[in-house]
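Participant: Below are the structure tokens for one structure; questions will follow.
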Amino acid sequence: MLPIMGESEFVLEVRGLKKTFGSGIFNRKSKGFTALRGIDLSVGRGQVFGLLGPNGAGKTTMVKILLDLVRGYEGEARVFGQPPSDPKTRRRVGYLPEAHRMPEYLSGWQVMVLFGMLAGHTKKEAEKTAAPLLEKVGMLKDCRRKVREYSKGMQQRLGLAQALVHRPDLVFLDEPTDGVDPIGRAKIREMVVDLKNSGSTIFINSHLLNEVEMICDQVVIINHGEILRQGTIEEMTPRTGITQFELRRDPGPLDILLSGLGTDLEQKGCRFKVKVTDEELDAIVDKLRAEKHTIADITRKRLTLEESFIDLVKEDRQ
Amino acid sequence: MNFIIFRALFEDARQQVLDNKVFRLLLILTAIPIVLTFVLGFHEESITLFWGWKEIDYKDIMEIFSAGGQSTAEDMAAQSIRFLQEFTLDAVVGRIGIMLCIAATAFFAPKILEKGSADTLFSKPVSRIAILLSRYFAGILFVAFISSLLVTGMYLGFLINSGFNDPGFLWGALTLVYLYAMMHAFSMVVAVFTRSSTAAILLTITLYMFCGGIHTGWTSLEFFTQKQHVAMLRIADNSDDEDEVEEAGELIQFLTSSLRFFHYVLPKTSDADLITNKLKRALTEKPPAIQTSDGEFLMKLPPADFSLVADTKGKFEDTGVEWSAEGKTHLGADSMRIRRYERPKQERKVGSKTRIRSQTGNETAKQKMEELQATGASPESEDRKLSGVRTTQVTWLESDGDTKHRMYFFHFDDWIYEFELIGSVAQLDSHEASQLRRNTLDRGNIILGDITGKTPGTWYSDIFSLTAEWKYNIFFSIGSSLAFIVSMLTLAWLRLRKIDF
């Protein structure tokens, strides 16, 4: 049983979360599609949490359950210690859906005021928050134009602004940089960092893993409705053992000098890389110095989040 | 749902409607009749165009349409305006207007349920039922705005340009709102189940036409059933043979039962303008002295200068409704009573068969004579035709020798009617007594529901009232339509709460 509000240190918690679509009373013959197969997850305050997984893994379903957009699930879900079906809970939550559609008959400004008011703010309060947010996402000068005139990137930036208009404590961002140009992406990353610094929790669902790697503290990878791995970015991107050296001058072939130290040596001029242990690395440095080779740079390579993700998903498929 | 959220949802709906092309077309169509009332002036003898730029005599118009009428010039102005008012409410608003309103707002629910839009809206701290109801009531508010604009505009146009003041016309705004409230509820259900504006428009318009068809069929069925019943009674009155009613075939019974079922279950769209008209009349005209729930009897005005005896009110089918002169001797009677009761059934032997037939007014008068004679009185009877109805008059004196009674008996369809004057001999033999009888039983004052001369539409329009039998009752009509609205909204809510966005 999940704790009730006040006892929980977590912003959101799910236990044994299961969801099957298309097996209701009208689809008795169909067993339906199981999107989630028993997820356990807790997210603490002030974290930037990345939710990763291939298409159809169940990421969006989980987020939608937490927002009460998807119902009829098994297991337990709590947002700020309360079930998602409680509308009061959602006053503290902002959401930028994937492939969202803002009301095209409204202007950007009207969208901000509408969603601010729907979140319980007065019109004045919503207007007061709208201007700086639109400024931050670079939409202030276009905010009087109708949404139907906006490009995809502009709509995405407006979507992000509307998710934050009521100053939420928890923000779900589903593909936040989708369709946004590199400058816009940098701005969005900045905003996420600002939000984190102000104490909000951010839950990011994205396929752009390099961005997730840049801004997330914790990551969970799910596939086929199950958690494959969860941890910090450091934990998710372990060292590979491959170390890259750059020398000032071309040392000539090194295979004899470094024989017995490490494996998979590859050399190209004054640069070479080799897979080594920590002890072997010390020994290589000593040998190079003894031969009077000046070392310009040493880089110990880690797995990228993307490589880690691909390996995990491949492993899971096998 | 708090006020801020409702305001936000309403503002959203307003912007959505203003952005809609059908709504703009609706506004233009609304403006046309309003402009006409300001441009056309209806005066005593002529119609003026553009404030006197051109003048057309009613005579010339009548000649064009080859219609010779006895109407006075004043009548013509009022009649023309009333025609325009009725045409606008019945044809423009009741038929085209409602369809345009449905088309202009049918996208209300589907739009918010579209993928992408729904995620953003339903993730806000607003319950699904609040969103559903706000969309429903926002639609009603827009239609209320349009219809109020139309009737107020036309009212002011007629008042300013033609000097015709008819505040009752303003009630016409209710017709469209009431009609729309029923259809919009259905449109919400279709929208929630299909998430398609096109399906919502098409199915709602189909239902609207289906309701109209069911109402026409049901009215005709009820009308001809009543008519057949009356015809049977009249045959029985005039002959000893009474044809036995043949049982209808199974298919016919199934069809009539289905027709009745659909009529009771579906919203009563065709009653909307009738309700508005009845409401208008109830608020602007004096209520009738007596009106029966079956629409068979209507007495418009009570006898002049008489006072209703309070405890006889509503006893028309019991001891009778009585009015008293309260000591005023010049009124032709001290008191006046009017009553009806079901025609007693009599068994008669015709050959070897026993037939049952209803007692006539004349037979009831004879019965009264016999009762009076048994008490020692000397009643006199006389057959006479009053306002086209065969009546038997019975007159007698009480034992005091001064109090005189005059009773008139007649039957109509299922009922025996009694009309009685009580007063002194001098009063009842006076010219005032004849005048009182004439005024009270005058064809213009008392209307007997002669079904044979009516069409299903006029019959239903007459019988449909607040006091009619339940199936012809305004409360039943409104109640069942409101039940339909509530059922539809409940169905929409039940579906909406299950939707996974």
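The values are calculated or read from the model by the stated rules, or taken from the named source; none is laboratory data. Treat the numbers as computed from the prediction; the structure is a model and nothing was measured. With ideal geometry, Cβ positions are generated from the backbone for all residues, glycine too; neighbour counts draw on all protein chains shown. What goes into the accessible areas is simple: the full protein's heavy atoms, side chains included, and nothing from ligands, DNA or RNA. Shrake-Rupley method; radii C 1.70, N 1.55, O 1.52, S 1.80 Å.
Participant: In the P(r) worked out for chain B, what percent of Cα pairs fall beyond 43 Å? Write out the running numbers ahead of the final one.
Facilitator: On the way: 46623 of 125250 pairs.
Every Cα pair in chain B considered, those over 43 Å come to 37 percent.
Participant: For every other residue with a beta carbon closer than 10 angstrom to the beta carbon of A:Gln47, add +1 if it is Lys or Arg and -1 if Asp or Glu, then tell me the sum.
Facilitator: Details: positive: A:Arg45, A:Lys196; negative: A:Asp217.
Value of the local net charge: +1.
Participant: What trypsin sites (Lys or Arg not before Pro) does region A:169-254 have in DSSP loop regions with at most 16 other beta carbons within 10 Å?
Facilitator: When the trypsin sites (Lys or Arg not before Pro) of region A:169-254 are filtered for loop state and at most 16 Cβ neighbours within 10 Å, A:Arg248, A:Arg249 remain.
Participant: Could you give me the percent of Cα pairs per 20 Å distance bin for the protein assembly as shown, shortest bin first, beginning at zero and ending with the bin that holds the maximum distance?
Facilitator: 12, 28, 25, 17, 11, 5, 2, 1
Participant: Partner chain Cβ atoms within 10 Å, averaged over the residues of A:99-111 - can you pull that number for me?
Facilitator: 4
Participant: Before anything else, pin down the relative contact order of chain A: Cα pairs under 8 Å, at least 6 apart, normalised by residue count, whole percent.
Facilitator: It rounds to 19 percent for chain A.
Participant: Using a cut-off of 12 Å between alpha-carbon atoms, which aspartates and glutamates can reach B:Lys454, once sequence neighbours fewer than 8 places away in the same chain are excluded?
Facilitator: The qualifying aspartates and glutamates are B:Asp462.
Participant: Please compare each pair in A:Lys59/A:Lys128; B:Lys315/B:Lys366; B:Lys313/B:Lys404; B:Lys315/B:Lys368; A:Lys18/B:Lys498 to a cut-off of 26 Å on the Cα-Cα distance and tell me which ones are over it.
Facilitator: Working: A:Lys59/A:Lys128 34 Å; B:Lys315/B:Lys366 24 Å; B:Lys313/B:Lys404 24 Å; B:Lys315/B:Lys368 21 Å; A:Lys18/B:Lys498 17 Å.
Beyond 26 Å between Cα atoms: A:Lys59/A:Lys128.
Participant: Filter the GluC sites (Glu not before Pro) in region B:373-431 down to the DSSP loop ones having no more than 13 other Cβ atoms within 10 Å, then list what survives.
Facilitator: Qualifying residues, ordered by number: B:Glu398.
Participant: Under 1.5 on a/c is rounded, so check that first for region B:299-448, then, if it is not, pick prolate when a/b is larger than b/c and oblate when it is not; a ≥ b ≥ c are the square roots of the alpha carbon gyration tensor eigenvalues. Before the final figure, lay out each step's value.
Facilitator: Values: a/c = 2.02, a/b = 1.50, b/c = 1.35.
It is prolate, given that a/c is not under 1.5 and a/b is the larger ratio.
Participant: Which whole-number percent is the relative contact order of chain B (Cα, under 8 Å, 6+ apart)?
Facilitator: Relative contact order here is 15 percent.
Participant: Region A:125-175 to region A:56-75: how many Å between their Cα centroids?
Facilitator: Each part reduced to its Cα centre gives a spacing of 25 Å.
Participant: Put a dot 7 Å past each Cα toward the Cβ at B:Phe145 and B:Asp166; how far apart are the dots in nm?
Facilitator: About 2.8 nm, to one decimal.
Participant: Here's a follow-up. Can you check what the net charge comes to around A:Arg91, using other residues whose Cβ is under 12 Å from the Cβ of A:Arg91 (Lys, Arg +1; Asp, Glu -1)?
Facilitator: Spelling it out: positives minus negatives among the neighbours equals +3.
Participant: Considering only protein heavy atoms, what is the solvent-accessible area of B:Lys498 at a probe of 1.4 Å, reported in Å² to the nearest 10?
Facilitator: 140 Å²
Participant: Would you list A:Glu98, A:Glu279 from the most to the least accessible area, probe 1.4 Å?
Facilitator: If we order A:Glu98, A:Glu279 from most to least accessible, we get A:Glu279, A:Glu98.
Participant: Local charge sum around A:Thr60 (other residues, Cβ-Cβ under 15 Å, Lys/Arg +1, Asp/Glu -1)?
Facilitator: -2
Participant: Could you work out the relative contact order of region B:299-448? I mean the mean sequence separation of Cα pairs under 8 Å and 6+ apart, divided by the number of residues, in percent.
Facilitator: Once normalised by length, the contact order is 24 percent.
Participant: Which value, in Å³ per residue, describes the convex hull spanned by the Cα atoms of chain A? Don't skip to the end; give the middle numbers.
Facilitator: Numbers: hull volume 60.7 nm³, N = 318.
Considering the Cα atoms of chain A, their hull volume per residue is 191 Å³.
Participant: Give the average, rounded to an integer, of partner chain Cβ atoms located within 10 angstrom of each Cβ in B:108-120.
Facilitator: If you average over the peptide's residues, the count of other-chain Cβ atoms is 4.
Participant: Let me ask another. State which entries of A:Lys124/A:Lys152; B:Lys353/B:Lys471; B:Lys280/B:Lys328; B:Lys227/B:Lys278; A:Lys64/A:Lys141 exceed 26 angstrom in Cα-Cα distance in the structure shown.
Facilitator: Distance filter (> 26 Å) returns A:Lys124/A:Lys152; B:Lys353/B:Lys471; B:Lys280/B:Lys328; A:Lys64/A:Lys141.
Participant: A follow-up question, please. In nm, what is the difference between 0.36 nm times the number of residues separating B:Ser258 and B:Ile56 and their Cα-Cα distance?
Facilitator: Working: separation 202, 0.36 × 202 = 72.72 nm, distance 5.26 nm.
Extra length from B:Ser258 to B:Ile56 when fully extended: 67.5 nm.
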